[in-house]
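Heads up, the thing below is written out as structure tokens.
The values are calculated or read from the model by the stated rules, or taken from the named source; none is laboratory data. Being a predicted model, the structure only gives us computed values, none of them experimental. No Cβ is skipped: glycine too gets one built from the backbone with ideal geometry, and neighbour counts run over all protein chains shown. Ligands, DNA and RNA are excluded from the accessible area calculation, which covers all protein heavy atoms including side chains. Shrake-Rupley method; radii C 1.70, N 1.55, O 1.52, S 1.80 Å.
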2 protein chains.
Amino acid sequence: MRVSKQRIEEDLKYLAQFSADTGGKGITRLPFTPEDRACREAIIKKFKAAGLHVYTDGIGNIYGRREGKRPDLPPVMIGSHLDTVINAGIFDGPAGVVAGLEVVRVLNDLSIQTERPLEVANFVIEESTAFGKSCVGSRAVAGVLDYDELARLKDKNGRSLQDAFKEHGVTKKEIEATRREKGSIDSYIEMHIEQSDNLIKAGKPVGLVTAIAAATRFQVTVKGQASHSGATPMGERKDALCAAAEIILGIEKIAAAEAGNETVGTVGNVTVKPGAINVVPGEAVLAIDLRDIDKADKDKAAEKIIALFESVGKEREVQVEYLITASDTPVPASPRVLGAIKNAAREVDIPHLVMHSAAAHDAAYLAEVADMGMIFIRSYGGSHNPDEWAEFEDVAMATEVLLEATLRLSS
Amino acid sequence: MRVSKQRIEEDLKYLAQFSADTGGKGITRLPFTPEDRACREAIIKKFKAAGLHVYTDGIGNIYGRREGKRPDLPPVMIGSHLDTVINAGIFDGPAGVVAGLEVVRVLNDLSIQTERPLEVANFVIEESTAFGKSCVGSRAVAGVLDYDELARLKDKNGRSLQDAFKEHGVTKKEIEATRREKGSIDSYIEMHIEQSDNLIKAGKPVGLVTAIAAATRFQVTVKGQASHSGATPMGERKDALCAAAEIILGIEKIAAAEAGNETVGTVGNVTVKPGAINVVPGEAVLAIDLRDIDKADKDKAAEKIIALFESVGKEREVQVEYLITASDTPVPASPRVLGAIKNAAREVDIPHLVMHSAAAHDAAYLAEVADMGMIFIRSYGGSHNPDEWAEFEDVAMATEVLLEATLRLSS
């Protein structure tokens, strides 16, 4: 391998030190905190040490640019994020930024100047932990960040994201200026740990991402009639939980058999009121998550689920009220970029799995302005918790694929 | 009517003053408290004022005896309880004790001496609020109170019921001495508010109880496999909530269509772990309540429910673990006592509904030693809460039926 596992490991451990005190349990680096500022300064120093020209955009995303032979061409960009959840692991998302930096260092070592410029990016506020909204920096790049909404997004102290930005000199004007034109970035590659166990199960260190799935989410409230469990005959009940059970099994059937091959539907939680053993449930609230990598299949499944709400409500004479709390669009990888990544993986002969991403990433928004691809790293212990862990060997292998793909896209 | 609505109303309002300070929300009279002691002293004074001979048994149940022409015959007993839940209404269960007292006063007014002796009873610790066990006094009369279990039943301060009894001079010996021989009480009638709304729906003030239903209760834990809602294909899931939903609908079907006419089955609560919208549920805990007035039907339904646990567990490859947390026996009213109550209701021409009791009562234990019957009073606002309310007119009408039935059984 041309990339250095040792440099990658050193960088990730170095960045992990910028953390709020979490009593030894993982790292915590929320936006606008001293540890976040220190980490941003650290990555800027590292970028500069690697010879990159550093600049930031309106919202504060950091870019390190390595000039190409043709400075006029749109750049190839490698990016991810440095902010974390509370008590996070050290890989999500610094691995993707460090990988971009390592690609630059290898090119320096090998004295390669690419045709296209190369940029390494750190997007701000990817995690929704602090303000309840994910991918804030990349949404701004894509031009889909609603400035007015920022006033409604508040942290636990009640400070709005709009006010937090204002304190840092970021107003509506700066956020609008963050938007990039479509095609102004040639291609964007994000390397990230997989946040599930498909690579573990497949026994492969690296994943090549075909598409980023998106979710439609429902919050459903079933309103029946609470009554005494002993005194209410079966035929006179309006049992909210029985109606909820039909919805749960109906969603399973729709996702498994009546929608697309990749459709998944989950009822992740039910809460019952009053929730006593001797009372027929009067109310049940369901949290429903529907995902697909194909928009048409997801829309079809969502329609069937809404029809299910209606038929169960009618048949059981209960009210089924629903809110659609999310309705995002799945994003396929660019065939050109995915092709380059596949060829790269074969060229450097690294075992890999072609797969889709179940979780959302900045890459989904960068796809609005650039041809997009993603590379996954096998990760143990899940993500968003201190047990998240990837082998540095696996990170290095993914970075080797990234290096080769970057060479192919930027030559 | 021979009974006095006014006296009944005065008595109930008088007894309601013996309460812990609950900030104006209903009344609270837990066992072994100053308010409980004061209430016991008050009822003893009232019994004595009505000419009753007062005695207590080993566990502290209070009896007021009115002698019959034949003192050697087993008495007719009218009883209920004076302890309450926290923030209770004023009727559950003082109405039954006051009704017995009123029957005595009417007999005094009319100078009637019955053949059989008459006793009015107050059974201790009917409510499970303080120590988690109901009908303690009446269980002791029936000889089914396990002394050793009392050491394990603790109040919120950690004091065991065994210790609380000891402080009041009640040891194993006294509890064993509380047991009465079968047939030593001729008949037992309990008057109680209905704890559901069947009388309201029927538009009748009085209910004649054919049987006291009993419950079999299960606590079921379904253990599947928690996994990422986006990354786990439908075919690879072990979704504990989907398995739980099959159990919920299966229990509904068994109770409604595959068991007895009076069988009711309820899943009153489900809790899901981890309970997040983006995680396939790994565990679901269900609280199941099965009731019937027919033991054979209930046992048959319980068998089908257990078979359901097994088939769902096998088919979905999840673990379904269950605990049977209660398995009580339904108690039919004595045909002789129920007949006397029915004839009484017709004789005094009071509108009534023949019905069963969904809730448990001291009467279920007295049935071990006496021929048992129950009379229900229409009650609004449920029970076990400050909104519980019966019209005093309805209480008087039920007491009139009780009076007539008592005359028929004791003459």
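With a point put 7 Å past each Cα toward its Cβ, work out how far A:TYR14 is from A:SER128 in nm, to one decimal.
For A:TYR14 paired with A:SER128, the spin-label model returns 3.4 nm.
If you count, for every residue in B:218-229, the Cβ atoms of partner chains within 10 Å of its Cβ, what is the mean?
Numbers: counts 1, 1, 0, 0, 0, 0, 0, 0, 1, 4, 12, 13.
That works out to 3 on average.
As I understand it, the value is the acute angle between the Cα axis of helix A:295-316 and the longest principal axis of the Cα atoms of chain A; what does it come to in degrees, rounded to 10?
20 degrees
As a test of the formula, what do you get for chain B when each DSSP H run with n ≥ 4 contributes -39,500 (n - 2.57) and the sum is divided by the residue count, at 222 nm and rounded to the nearest 500 deg cm²/dmol?
Working: 12 runs with 143 residues, N = 411.
Helices in chain B give a 222 nm mean residue ellipticity of -11000 deg cm²/dmol.
Positive end of the dipole of the stretch A:214-327, charges at C-beta (+1 Lys, Arg; -1 Asp, Glu), about the Cα centre: which of A:THR221, A:VAL320, A:GLY275 has its Cα farthest in that direction?
Going by the Cα projections, it comes out as A:GLY275.
At 0.36 nm per residue, minus the direct Cα-Cα distance, what do B:GLU67 and B:TYR380 gain on full extension? Give it in nm, one decimal, please. Could the numbers behind the result be given before it?
On the way: separation 313, 0.36 × 313 = 112.68 nm, distance 3.65 nm.
Result for the pair: 109.0 nm of gain on full extension.
Among the lysines, select those whose C-alpha is under 17 Å from the C-alpha of B:LYS46, and discard any that sit fewer than 8 residues away in the same chain.
The reachable lysines, counting only those whose Cα sits under 17 Å from B:LYS46, are B:LYS5, B:LYS13.
Note down the relative contact order for the stretch A:214-327 as a percent, whole number, built from C-alpha pairs under 8 angstrom at least six residues apart. The partial results should precede the final answer.
Values: 235 pairs, mean separation 49.5, N = 114.
Relative contact order of the stretch A:214-327: 43 percent.
Treating only the Cβ atoms of Lys and Arg (+1) and Asp and Glu (-1) as charged, compute the dipole magnitude of chain B about its Cα centre; round to the nearest 20 debye.
Details: 49 positive and 61 negative charges, 103 e Å.
Dipole size: approximately 500 debye.
Let me make sure I get this right: for the stretch B:253-293, a, b and c are the square roots of the gyration tensor eigenvalues over alpha carbons, sorted descending. Under 1.5 in a/c it's rounded, otherwise prolate if a/b > b/c, else oblate. Which is it?
On the way: a/c = 5.19, a/b = 3.12, b/c = 1.67.
Note, shape of the stretch B:253-293 comes out prolate.
With a bin width of 10 angstrom, please list the P(r) values of the stretch A:214-327 as percents of all Cα-Cα pairs, from the 0 bin to the one holding the largest distance.
16, 45, 27, 11, 2
Whats the longest run of chain B with zero trypsin sites (Lys or Arg not before Pro) that are DSSP loop and have at most 13 other Cβ atoms within 10 Å?
On the way: sites that count: B:LYS25, B:LYS69, B:ARG152, B:LYS156, B:LYS182.
Between exposed loop sites, the widest span is B:183-411.
What spacing in nm lies between the two simple spin-label points modelled at A:GLU236 and B:TYR55, each 7 Å away from Cα in the Cβ direction?
Here the answer is 4.4 nm between the modelled labels.
Could you give the angle, 0 to 90 degrees to the nearest 10, between helix B:94-109's Cα long axis and the longest principal axis of the Cα atoms of chain B?
20 degrees
Given a 1.4 Å probe and every protein chain left where it sits, what share in percent of the accessible area of chain A is carbon and sulfur? Can you show the working numbers first?
Working: 7500 of 15950 Å².
Carbon-and-sulfur percentage of accessible area, whole number: 47.
Give me the accessible area buried between chains B and A, both sides summed, with a 1.4 Å probe, in Å² rounded to the nearest 100. Don't skip to the end; give the middle numbers.
On the way: alone 17750 and 17740 Å², together 31900 Å².
When B and A are taken together, about 3600 Å² of accessible area is lost.
State the Cα centre-to-centre distance between the stretch A:109-127 and the stretch A:251-306 in whole Å.
Computed from Cα coordinates, the inter-centre distance equals 41 Å.
Taking every pair of alpha-carbon atoms in chain B, what share in percent sits in each 20 Å bin, from 0 to the bin with the longest distance?
The calculated distribution, bin by bin, is 26, 51, 20, 3, 0.
Evaluate the relative contact order of chain A (contact order divided by residue number), counting alpha-carbon pairs under 8 angstrom at least 6 apart; express in whole percent.
On the way: 945 pairs, mean separation 91.9, N = 411.
Relative contact order comes out at 22 percent.
Between B:ASP163 and A:SER327, what's the calculated FRET efficiency when r is the beta-carbon distance and R0 is 45 Å? Round to 0.05.
On the way: r = 61 Å, r/R0 = 1.35.
Given R0 = 45 Å and the Cβ-Cβ separation, E is 0.15.
Please compare each pair in A:LYS133/A:LYS172; B:LYS166/B:LYS298; A:LYS204/B:LYS238; A:LYS298/B:LYS253; B:LYS238/B:LYS295; A:LYS223/B:LYS201 to a cut-off of 26 Å on the Cα-Cα distance and tell me which ones are over it.
On the way: A:LYS133/A:LYS172 17 Å; B:LYS166/B:LYS298 38 Å; A:LYS204/B:LYS238 24 Å; A:LYS298/B:LYS253 32 Å; B:LYS238/B:LYS295 36 Å; A:LYS223/B:LYS201 21 Å.
Over 26 Å Cα-Cα: B:LYS166/B:LYS298; A:LYS298/B:LYS253; B:LYS238/B:LYS295.
If you place +1 on the Cβ of every Lys and Arg and -1 on the Cβ of every Asp and Glu, how big does the dipole about the Cα centre of the stretch A:214-327 come out, in debye to the nearest 20?
Working: 13 positive and 17 negative charges, 52 e Å.
Using only the charged Cβ atoms, the result is roughly 240 debye.
For the stretch A:45-53, just list the computed ³J(HN,Hα) in residue order, Karplus coefficients 6.51, -1.76 and 1.60, θ = phi - 60°, integers in Hz, with x standing in for Gly and Pro.
So the J values, rounded to whole Hz, are 4, 5, 4, 5, 4, 8, x, 7, 8.
Using a Cα-Cα cut-off of under 20 Å, which lysines could be cross-linked to B:LYS69, ignoring same-chain neighbours fewer than 8 residues away?
B:LYS48
Using the heavy atoms of the protein chains alone and a 1.4 angstrom probe, what is the accessible area of the stretch A:1-70 per residue in square angstrom?
Values: 3510 Å² over 70 residues.
Here the per-residue accessible area is 50 Å².
Which of the GluC sites (Glu not before Pro) found in the stretch B:83-127 are in a DSSP loop and have at most 14 neighbouring Cβ atoms, other than their own, within 10 Å? List each step's numbers first, then the result.
Values: sites: B:GLU102, B:GLU115, B:GLU119, B:GLU126, B:GLU127; in loops: B:GLU115, B:GLU126, B:GLU127.
For GluC sites (Glu not before Pro) across the stretch B:83-127 that sit outside H, G, I, E and B with at most 14 neighbouring Cβ atoms in 10 Å, the list reads B:GLU115.
To the nearest 0.05, what FRET efficiency results for B:ALA38 and B:GLU391 with a Förster distance of 30 Å applied to their C-beta separation?
Numbers: r = 27 Å, r/R0 = 0.91.
Working from the Cβ atoms, E equals 0.65.
So if I take the centroid of the Cα atoms in the stretch A:178-211 and the same for the stretch A:357-382, what is the distance between those two points in Å?
Rounded to whole Å, the Cα centres lie 3 Å apart.
Compare the Cα positions of A:LEU52, A:VAL104, A:SER379 along the charge dipole of chain A (+1 at Cβ of Lys, Arg; -1 at Cβ of Asp, Glu; about the Cα centre) and return the one farthest towards the positive end.
A:LEU52
Nearest 20 debye, what's the magnitude of the dipole of the protein assembly as shown about its Cα centre given +1 on Lys and Arg Cβ and -1 on Asp and Glu Cβ? Provide the component values of the computation, followed by the final result.
Working: 98 positive and 122 negative charges, 134 e Å.
Rounded to the nearest 20 debye, it is 640 debye.
Pop the C-beta distance of B:ASP349 and B:GLN225 into the FRET formula with R0 = 60 Å and round what comes out to the nearest 0.05.
Numbers: r = 65 Å, r/R0 = 1.08.
About 0.40, to the nearest 0.05.
Note the angle between two axes, namely the Cα long axis of helix A:392-410 and the longest principal axis of the Cα atoms of chain A, as a number of degrees from 0 to 90, rounded to the nearest 10.
The two axes meet at around 70 degrees.
Averaged per residue, what accessible surface does the stretch B:148-222 expose to a 1.4 Å probe, in Å²?
On the way: 3340 Å² over 75 residues.
On a per-residue basis, the stretch B:148-222 sits at 45 Å².
For the stretch A:238-287, what relative contact order do you get, as a whole percent, if you take Cα pairs closer than 8 Å and at least 6 residues apart? Walk me through the numbers on the way to the answer.
Values: 55 pairs, mean separation 21.1, N = 50.
Relative CO of the stretch A:238-287 lands at 42 percent.
For a quick check: with amide H placed at 1.01 Å from N, whose amide H comes under 5 Å from A:LEU208's, ignoring anything fewer than 5 positions away on the same chain?
A:LEU353, A:VAL354, A:MET355, A:PHE376
Express the C-alpha Rg of the protein assembly as shown as a ratio against the empirical globular expectation 2.2 N^0.38 Å, rounded to two decimals.
Numbers: Rg = 36.3 Å, N = 822, 2.2 N^0.38 = 28.2 Å.
The reported ratio for this selection is 1.29.
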